[in-house]
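Q: My structure is below; once you've seen it, I'll send some questions.
The values are calculated or read from the model by the stated rules, or taken from the named source; none is laboratory data. All of these numbers come straight from a predicted model, not from anything done at the bench. Cβ: placed from backbone, ideal geometry, glycine included. Neighbour counts: every protein chain shown.
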Amino acid sequence: MKINQSHFTNRKKSLKSSPVWESFNIVVINNVRQKMVCCEKCKQLFAYRSRDGTASLAKHKRSWQATDHASDTDNTSAKDLVKQTQVTEYYSSKKSHSVPKIIREKVKIACTEFTALDSRAFETVAGDGFLKMIQSIFDAGRYFSPTSNVSVKDIIPSPITINRHIDQTYCIRCGFWTERYSGLSYCGLALRFVTKDFTLHNFILGCIFYDADSQSANNIRMFVDAQLLSFGLTLNNKIFAVTDNENKMRAAFKEKCTRIGRSIRYLNKQLEHSFTSEEIERTFVRCSKIQNLFDNVKKVGTHVRRRHRQVKLKQKLQLYLDTSFNGTFYMMNVFLNVYDDIGSVLNSGYIDYLTSVDKDLLKEVCRFLIVFDNAIDQLSAEERPTMHQALPIRQLLIDHCEVKFEDSSELKELKLFLCERIKSVWILQDQHYIFTFLHPRLKRFDAAPYEKDIAFDLVK
């Protein structure tokens with residue numbers, strides 16, 4: 001090892017029982033004798049205990065004596081010395097080293113493959129936990145020589161081992177979807193838990209191909225249980241499972257867990273029905289004029305995007321995505337912003353669709369949807385819990401749907417439908433009341449005073 005005099009000093013052994021000590025010094029750091037000695041010739045460090053004797057030190061002395069005697073050009077022994085442990089493994093060097101371009105390129109490719117093969121978000125590689133893990137692996141690699149055949153699999157712990165270090169009170173988020181063109185189905189699983197210092201952690205367990213025969217409740221539960229078991233996780237009555245609200249999901253998670261319906265899913269689904277459905281649960285959706293407005297906006301926007309003519313507009317039109325209906329607001333709001341300019345980029349066959357769009361009605365609907373968009377953003381927060389927000393946000397939206405005298409007849413129809421659907425479909429669970437009651441700023445139930453007694457009864 002190379003000696004850094006600013007870190008430690010050397011002193012001679014007082015009793016030289018062997019001629020070897022003429023070429024070695026005892027290492028002393030902060031006036032404390034260490035179990036290491038330093039070669040005066042090559043400045044290398046060696047572990048030394050008095051009970052071990054000086055045979056290894058004598059062997060090293062003979063090696064550099066033979067090297068000096070043989071030839072100055074013969075550096076075989078020098079190469080062997082380089083492989084020995086260096087002092088920087090015990091004391092960090094203050095020198096900064098630039099990373100070679102080829103190493104940076106390899107790391108970049110490895111990070112790209114990691115996000116693609118494991119379906120991870122790009123931001124994962126910038127997370128504190130990821131960087132800490134990589135630093136630990138990097139530090140571990142310093143202890144192995146370049147010729148070592150140690151596999152990284154020998155260092156990385158198994159999922160079950162990791163599971164033992166996680167608080168067993170957690171929440172599983174589960175969702176299923178089917179790819180439109182291929183017909184293939186997938187299951188998304190994520191884990192959330194809060195540490196003792198109230199820090200929320202999110203982990204994506206995977207986006208797994210669903211290969212069961214059907215999406216029946218039994219098949220879904222067996223598939224999810226098998227995937228969780230591969231991580232050493234099992235569902236029980238202390239574990240929460242957040243799922244969509246279809247009947248098959250309710251049936252799949254009705255036992256051995258506490259199922260919580262996704263509030264965002266309730267909300268998105270009712271918005272979707274109001275703009276796209278003619279009938280739901282044998283009841284007609286009486287929002288025909290709003291639906292015609294939505295259809296015309298979608299047709300014109302899709303046409304402009306496919307013809308690549310939006311470059312002539314001051315803002316890029318957005319397409320409708322049925323997987324997340326809060327995108328409806330963005331689509332209609334952007335359309336409103338460029339309404340006066342769209343006519344210049346349309347073919348004659350689509351002018352009729354544009355003229356059928358009532359700009360005043362479009363503006364009124366967009367103003368109405370802003371509150372829904374903000375509510376969805378709040379309920380979608382990933383960095384903090386949102387359970388306590390469900391009750392006040394639900395009441396806020398019900399109040400927002402109250403019909404006013406100045407509303408147009410089309411907006412009144414939309415408000416009446418959404419108000420009724422939110423009340424009848426978005427049913428709050430016991431946990432929503434308890435979490436709201438425990439929150440210091442919401443415990444008075446100012447948003448919904450008549451719900452306060454329910455919460456009191458639950459916590460008695």
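Q: On the basis of being surrounded by 15 or more Cβ atoms within 10 Å (Cβ to Cβ) and among the acidic types (Asp, Glu), does Asp341 make the cut?
A: Against the criterion (surrounded by 15 or more Cβ atoms within 10 Å (Cβ to Cβ) and among the acidic types (Asp, Glu)), Asp341 does not qualify.
Q: Another question, if that's okay. Looking at Asp446, Asp457 in this structure, which one is acidic (Asp, Glu), part of a helix (DSSP H, G or I), modelled with pLDDT under 90 and not assigned by TED's automatic domain parsing to the domain that holds Ala241?
A: Step by step, each of Asp446, Asp457 is checked, and only Asp457 is acidic (Asp, Glu), part of a helix (DSSP H, G or I), modelled with pLDDT under 90 and not assigned by TED's automatic domain parsing to the domain that holds Ala241.
Q: Any chance segment 300-309 includes a residue that's assigned by TED's automatic domain parsing to the domain that holds Lys412, free of Cβ contacts under 8 Å to residues at least 12 places away in the same chain and among the small types (Gly, Ala, Ser)?
A: Within segment 300-309, not a single residue is assigned by TED's automatic domain parsing to the domain that holds Lys412, free of Cβ contacts under 8 Å to residues at least 12 places away in the same chain and among the small types (Gly, Ala, Ser).
Q: If you check Lys460 against the conditions, is it of a type in the set (Lys, Arg), over 34 Å from the mean Cα position of the chain (by Cα), loosely packed, with under 12 Cβ neighbours inside 10 Å and more than 30 Å from Asn292 (Cβ to Cβ)?
A: Against the criterion (of a type in the set (Lys, Arg), over 34 Å from the mean Cα position of the chain (by Cα), loosely packed, with under 12 Cβ neighbours inside 10 Å and more than 30 Å from Asn292 (Cβ to Cβ)), Lys460 qualifies.
Q: Looking at segment 30-47, which of the residues that are in contact (Cβ under 8 Å) with a residue 24 or more places away in the chain and part of a loop (DSSP other than H, G, I, E, B) is surrounded by the most Cβ atoms within 10 Å (Cβ to Cβ)?
A: By that ranking, first place goes to Gln44.
Q: Take segment 211-228 and flag every residue that is assigned to a loop (DSSP other than H, G, I, E, B) and exposed (fewer than 13 other Cβ atoms within 10 Å of the Cβ).
A: Asp211, Asp213, Ser214
Q: Checking Ser324 against (1) surrounded by 12 or more Cβ atoms within 10 Å (Cβ to Cβ); (2) of a type in the set (Gly, Ala, Ser); (3) part of a helix (DSSP H, G or I); (4) modelled with pLDDT under 85, only one condition comes out false. Which one?
A: Condition (3) is where Ser324 drops out.
Q: Does Leu313 fit the bill of being in contact (Cβ under 8 Å) with a residue 24 or more places away in the chain, closer than 30 Å to Ala241 by Cβ and not hydroxyl-bearing (Ser, Thr, Tyr)?
A: no
Q: OK, next. Determine whether Asp295 is closer than 19 Å to Leu321 by Cα, surrounded by 13 or more Cβ atoms within 10 Å (Cβ to Cβ) and free of Cβ contacts under 8 Å to residues at least 40 places away in the same chain.
A: When the stated conditions are applied, Asp295 passes them.
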